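Enquirer: Pasting a structure here, questions to come.
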Amino acid sequence: MDASKTRTSFYRRLYLAWLIDSGRATTIPAITEVTGMPRRTAQDTLAALAELDIECVFEQEAGSRHQIGHYRIQSWGAVNPAWVQTNVERICQVLGYPMSFVEQ
């Protein structure tokens with residue numbers, strides 16, 4: 001059975017938050033490399049984290065004049081990050097994402 005759009009959207013957001021929180025991918029270019037998702041999808045998914053009350057902040061590198069820095073999860077809100085960690089392989093399978101970064 002194929003996953004619904006609602007489930008894949010939810011899982012994509014959880015996976016992105018997990019990638020950032022775990023330090024595996026904390027920039028848009030790193031996220032697109034890990035997941036294979038288009039840049040715009042990564043940006044839209046990142047912006048949609050707030051809809052789940054996941055607080056993600058951009059931390060600009062000290063002294064940089066442009067948007068150079070990384071993202072950090074400040075709060076998972078009502079989402080249990082332990083559940084995401086436990087189920088990240090299943091999330092990757094549903095989304096069709098490679099699991100190479102899960103196993104690190």
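Read-outs throughout are calculated quantities, based only on the coordinates presented, and are distinct from any laboratory measurement. Just so you know, these numbers come straight off a predicted model, no measurement behind them. Here the Cβ positions follow ideal geometry from the backbone for every residue, glycine too, while neighbour counts run over all protein chains shown.
Enquirer: Where does the chain land on Rg(C-alpha)/(2.2 N^0.38 Å)? Walk me through the numbers on the way to the answer.
Expert: Numbers: Rg = 13.4 Å, N = 104, 2.2 N^0.38 = 12.8 Å.
Here the answer is 1.04, to two decimals.
Enquirer: For the peptides 12-20, 69-77, what is the packing order when you average, over each peptide's residues, the other Cβ atoms within 10 Å and list the highest mean first? Write down the numbers at each step before the final one.
Expert: Working: 12-20: 22.8, 69-77: 16.2.
Averaged packing, sorted descending, gives the order 12-20, 69-77.
Enquirer: Something else now. Round to the nearest 10 and give me the degree value, 0 to 90, for the angle of helix 39-48's Cα axis relative to the longest principal axis of the chain.
Expert: So the inclination is approximately 90 degrees.
Enquirer: Right, another one. Considering Cα pairs under 8 angstrom that are at least six residues apart, work out the relative contact order of region 5-95 and quote it in whole percent.
Expert: On the way: 101 pairs, mean separation 28.9, N = 91.
Computed value for region 5-95: 32 percent relative contact order.
Enquirer: Under the rule of -39500 (n - 2.57) per DSSP H run of 4 or more residues, summed and divided by the residues of the chain, what mean residue ellipticity at 222 nm is obtained, to the nearest 500 deg cm²/dmol? If you can, show how the numbers build up before the last one.
Expert: Details: 4 runs with 51 residues, N = 104.
Taking each H run of at least 4 residues, the total per residue is -15500 deg cm²/dmol.
Enquirer: Expressed as an acute angle from 0 to 90° and rounded to the nearest 10, what is the orientation of the C-alpha long axis of helix 81-95 relative to the principal long axis of the chain?
Expert: 70
Enquirer: Please list, ordered by chain and number, the residues whose modelled amide H lies under 5 Å from the amide H of C56; skip anything fewer than 5 residues away on the same chain.
Expert: The list, which skips near neighbours in sequence, is Q74.
Enquirer: Mind checking the angle between helix 5-22 and the chain's longest principal axis? C-alpha axes, 0 to 90 degrees, to the nearest 10.
Expert: With rounding to tens, the tilt is 50 degrees.
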